[in-house]
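Novice: Okay, handing you the structure first.
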Amino acid sequence: MDIERQQQIAEQASAPAAQGQHQSPVLTALRRAGADWAGEVLEAFGEVTAVVAREQIAEICSFLKTAPGLEFNLLADVCGVDRGPEEDPRFEVNYHLFSTTKFHRLRLKVLLTEDDPHIHTVTGVWRTANWHERETFDLFGVIFDNHPDLRRILLPEDWQGHALRKDFPLRGYEPYSLT
Amino acid sequence: MSVSLPPQFEVVDRPLDSQMTISMGPQHPSTHGVLRLELVLDGEMIVKTTPDIGYLHTGMEKLFEYKKYQQGIVITDRMDYLNPLGNNLAYVMAVEKLLGLEIPERAQVIRVLMCELQRIGSHLVWLGTHALDIGAMTVFFYCFREREKILNLIEAASGGRLTPSYFRIGGLMMDLPAGFERRCQQFLNDFPKAISEFHTLLTGNTIFQRRTQGVGIISAEDAIDWGLTGPSLRGSGIAVDIRRANPYTGYENYDFEIPIETGCDVWARYMVRMRELKESQKIVVQALERLKPGPVKADAPKVVLPDREAMKVHMDALIHHFLIVAEGFNVPAGEVYHPIEASKGELGVYIKSDGGPKPARVHFRGPSFVNLSALPHMAEGEMIADVVAIIGSIDIVLGEIDR
C-alpha cells in the first residue's frame, strides 16, 4: 500500500470524529436522565452507542421505553456480531432503539464471552424482540434466557453450528440435505 | 355402497369442540413466496398462527463478509426484489456514512427520483396481488401494465429491470440516458388516470370493503410493541415516516404528506398505500424539476471508479481503477446503522467495519421480517379466509425475510 493511500485512510478515519464534536440531543437527554448504568457512551458517525452490562439489559430497556425525554418506544432491530474466535469478549448484541415521538435513535451494546453467551430476553419489554432474538440465537448461538420460544428461525431445526460465527466456513461443513 | 379407503384416508369422527391443526403453505399462492403457516383452527376460527420461515434462506449476510464493499451492492438487489433500488440506497448510504463521502446534488435528486418510482412499482405489485388474493382478478392486470412502464424506466437508466444495482458507493452507476425526463413525464401524465382506475375497481367495491374492513386489527400501541413500520404502522394512526423523521438524501427539501388512517385494519393499510401512490408521484414531479446538470459521482478517486475516457489518457485514473477493482478500498473502522423508508417500512442496514476492504458484519433489518412477526397477533380470532387478506395487507417479500 502506498503512502498516499495510507494518508487518505487516516484522514477519512479522523473526519467523522471531527463531525461529532457537538453533542447530539440524545446524548444530552441521556446525561440528564442520569444514565449511570451505561458503562461507556460513545458518539461516532452521528450515532450514539451505550455499552451496558448484560445483567441489566431488560431493566434498562424498560426504563428507556418510558423515560420522559427519551421515550425509545420502538425496538427497531437486534443484531449479533461475532468479533472472531480469538477475541474476548467474543460476541456483541446490538439493540437499535427508535422513538416514534422524538424521532431519535440509540444503540445499546452488550458484550458476551464465548464460554457464557447468556443474556436476559427483552421480549417482556417489546414483543417484536421475539423473532430478532431467535435470529441471533440461530446464527450466533447467543442464548436469551426466559425467551418464550427460543428455536431456530432461518436455518433448519437439525442444523449443526451457528452459521454467522467467524469460524463457520462459508460453504458449511458438508452439503445439507433435506431428505 | 361402501368404499374401502386406505388407512390414511379413513374418516375420523371429531367431536365438535375439538381443534384442528393445518399447514398453509409453503406452496400456497397467496403466501407471496415460500411461507408456511401452521394454523390451529376451531372450526373456521383461528386460534393460533405460527409462521415458519427460512425456506429461501441463502446466507446473504454471511456472503457479505466475503465480498468487497462494492460487490455487496448486487446482493442487496436480491433481498426485497420488488424494491431493489431502496435496498441499494440503504446499503450504499451506510457505507458512505462510514467513509464520510459527500454526494453531488444531481446524484441525490436522481436517487430520490428512482426510489420513488420504485416505491410506486412496489406498491403496484402489492395492490395487484392483494386484490388477487381476495378475488379481484382485473386489478392485477391494470397494476402490472403500469409497473411495466416503471420497469422500462429503470431499465433505461440502469440496464436491469429487477436487479438494477444502479446506486453505487459515491453516487450512481451512470447518469440518466438522453430522453429519460420525457419518458418519465409521459408516465406521470398517465398515472393519475391509472390511480382513479384502481379506485373505481376496488375502493368502491362492496365485496372488497367487506373483506377488508374490521379485519386484522392491530391497535397503535400493539403496532409499536410489535415493531411495525411503514404503511402498516401508519394504518394504525401513527404518523412516522423515516423520510421525515430522520431525513436522508435530501428528502427534507420535498413537499409531501404522510398519509395516515386510524382504522387499524386491512382497509386502513390499503388506503394508506393508495394515498402514498399519489404522494410518491408528487415527489417524482418535484425531483424532475430539481434535476440540474452536474456530476453524478463523488470526487473521491480512491473509492469511485474513474470514467472510461479518463482511464485512456490519465495514468493515475488507470491505477485507481486497478486498485479499486483488485484490492478494493479500505473503509474506516466503526459501525453504523442506516435506516431508510423502504416501500414496506424501515429498512435498516447495520455495517461493522474493521478497517479493511471487506465488512466484518452486515445486517439487514428487513421491514417484512418484523411485520410478519406480528401476523399471529393480527390473525388471532379471525376466519381462515381472512389470513390471506391480512398477509396481503402487510406486504411481505420472502426474499427479504429469509435473506
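Novice: Could you tell me which of the residues A:Phe91, A:Phe98 is among the aromatic types (Phe, Trp, Tyr) and closer than 18 Å to B:Ala360 by Cα?
Specialist: Selected residue: A:Phe91, the only one of A:Phe91, A:Phe98 that is among the aromatic types (Phe, Trp, Tyr) and closer than 18 Å to B:Ala360 by Cα.
Novice: Restricting attention to segment A:94-137, which residues are acidic (Asp, Glu) and buried (at least 19 other Cβ atoms within 10 Å of the Cβ)?
Specialist: Residues satisfying the conditions are A:Glu133, A:Glu135.
Novice: Quick one: is B:Val74 of a type in the set (Val, Ile, Thr), closer than 28 Å to B:Ser373 by Cα, within 25 Å of the chain's Cα centre (by Cα) and at pLDDT below 90?
Specialist: Answer is no for this residue.
Novice: Can you tell me which residues in segment A:151-179 are under 25 Å from B:Glu346 (Cα atoms) and touching a residue at least 24 places away in the same chain (Cβ under 8 Å)?
Specialist: A:Leu164
Novice: Something else about it: Which pairs turn up if I take residues in segment A:122-143 that are more than 17 Å from B:Phe364 (Cβ to Cβ) and look for partners that are assigned to a helix (DSSP H, G or I) and among the aromatic types (Phe, Trp, Tyr) with beta carbon separation below 7 Å, at least 6 apart in sequence or on another chain?
Specialist: These pairs meet every condition: A:Ile143/A:Phe137.
Novice: Quick check on segment B:228-236. Is at least one of its residues assigned to a loop (DSSP other than H, G, I, E, B), within 14 Å of chain A (Cβ to nearest Cβ) and not small (Gly, Ala, Ser)?
Specialist: Yes, that holds for at least one residue.
Novice: Moving to a separate point now. Of the numbered conditions (1) surrounded by fewer than 17 Cβ atoms within 10 Å (Cβ to Cβ); (2) closer than 27 Å to B:Val387 by Cβ, B:Arg244 satisfies every one except a single condition; which is it?
Specialist: (2)
Novice: Kindly check whether there is at least one residue in segment B:337-352 that is crowded, with 19+ Cβ neighbours inside 10 Å, without any contact (Cβ under 8 Å) to a residue 24 or more places away in the chain, charged (D, E, K, R) and under 20 Å from B:Leu89 (Cα atoms).
Specialist: So far as segment B:337-352 goes, yes, one or more of its residues are crowded, with 19+ Cβ neighbours inside 10 Å, without any contact (Cβ under 8 Å) to a residue 24 or more places away in the chain, charged (D, E, K, R) and under 20 Å from B:Leu89 (Cα atoms).
Novice: I would also like to ask the following. Looking only at residues that are without any contact (Cβ under 8 Å) to a residue 24 or more places away in the chain and among the hydrophobic types (A, V, I, L, M, F, W, C) in segment B:37-87, which one is nearest to the other protein chains (Cβ to nearest Cβ)?
Specialist: B:Leu63
Novice: Looking at segment B:272-290, can you tell me whether even one residue there is buried (at least 20 other Cβ atoms within 10 Å of the Cβ) and in a loop (DSSP other than H, G, I, E, B)?
Specialist: The answer is no; no qualifying residue exists.
Novice: On to the next question. Return a yes/no flag: does segment B:167-175 have any residue that is in contact with a Gly (Cβ under 9 Å, 6 or more places away or on another chain) and more than 19 Å from B:Gly294 (Cβ to Cβ).
Specialist: no
Novice: I'd like to check something: does segment B:282-297 contain any residue that is within 14 Å of another protein chain (Cβ to nearest Cβ) and in contact with a Lys or Arg (Cβ under 9 Å, 6 or more places away or on another chain)?
Specialist: Looking through segment B:282-297, none of the residues is within 14 Å of another protein chain (Cβ to nearest Cβ) and in contact with a Lys or Arg (Cβ under 9 Å, 6 or more places away or on another chain).
Novice: Could you check B:Val215 against (1) part of a loop (DSSP other than H, G, I, E, B); (2) surrounded by fewer than 20 Cβ atoms within 10 Å (Cβ to Cβ) and say which number it fails?
Specialist: Condition not satisfied by B:Val215: (2).
Novice: Report, by residue number, each residue of segment B:327-344 that is facing another protein chain (nearest Cβ under 9 Å) and either among the polar types (S, T, N, Q) or over 16 Å from B:Ala245 (Cα atoms) (or both).
Specialist: B:Glu327, B:Phe329, B:Asn330, B:Val331, B:Pro332, B:Ala333, B:Gly334, B:Glu335, B:Val336
Novice: I'd like to check which strands (runs of 3 or more DSSP E) are fully inside segment A:67-155 and have at least 3 residues that are at the interface with another protein chain (Cβ under 10 Å from one of its Cβ atoms). Spell out the reasoning first.
Specialist: Details: elements: A:74-82, A:91-98, A:105-112, A:118-120, A:143-145.
Because the criterion is at least 3 residues that are at the interface with another protein chain (Cβ under 10 Å from one of its Cβ atoms), the strands (runs of 3 or more DSSP E) in segment A:67-155 that meet it are A:74-82, A:91-98, A:105-112.
Novice: Would you call B:Met93 closer than 25 Å to B:Lys282 by Cα, at pLDDT 90 or above and within 18 Å of the chain's Cα centre (by Cα)?
Specialist: Yes.
Novice: Output the qualifying pairs, or none if there are none: Cβ atoms under 6 angstrom, residues six or more apart or on different chains, first residue in segment B:200-225 and under 30 Å from A:Trp126 (Cα atoms), second residue charged (D, E, K, R) and not in a loop (DSSP other than H, G, I, E, B).
Specialist: B:Val215/B:Asp386
Novice: Just give me the residues in segment A:76-91 being farther than 18 Å from A:Asp138 by Cβ and either among the charged types (D, E, K, R) or crowded, with 19+ Cβ neighbours inside 10 Å (or both), in sequence order.
Specialist: Passing the criteria: A:Ala76, A:Arg83, A:Glu86, A:Glu87, A:Asp88.
Novice: What's the number of the only condition in (1) at pLDDT 85 or above; (2) of a type in the set (A, V, I, L, M, F, W, C); (3) within 30 Å of B:Asn330 (Cα to Cα); (4) crowded, with 17+ Cβ neighbours inside 10 Å that A:Val51 fails to meet?
Specialist: Among (1) at pLDDT 85 or above; (2) of a type in the set (A, V, I, L, M, F, W, C); (3) within 30 Å of B:Asn330 (Cα to Cα); (4) crowded, with 17+ Cβ neighbours inside 10 Å, the lone unmet condition for A:Val51 is (4).
Novice: Determine whether segment B:155-171 contains at least one residue that is within 24 Å of B:Gln286 (Cβ to Cβ) and modelled with pLDDT under 90.
Specialist: Within segment B:155-171, one or more residues are within 24 Å of B:Gln286 (Cβ to Cβ) and modelled with pLDDT under 90.
Novice: Please go through segment A:133-179 and pick out each residue that is closer than 20 Å to A:Glu114 by Cβ and of a type in the set (Val, Ile, Thr).
Specialist: Residues satisfying the conditions are A:Thr136, A:Val142, A:Ile143.
The values are calculated or read from the model by the stated rules, or taken from the named source; none is laboratory data. Keep in mind that what you see is a predicted model, and the values were worked out from it rather than measured. Positions of Cβ are backbone-derived with ideal geometry, glycine not excepted, and every protein chain shown enters the neighbour counts.
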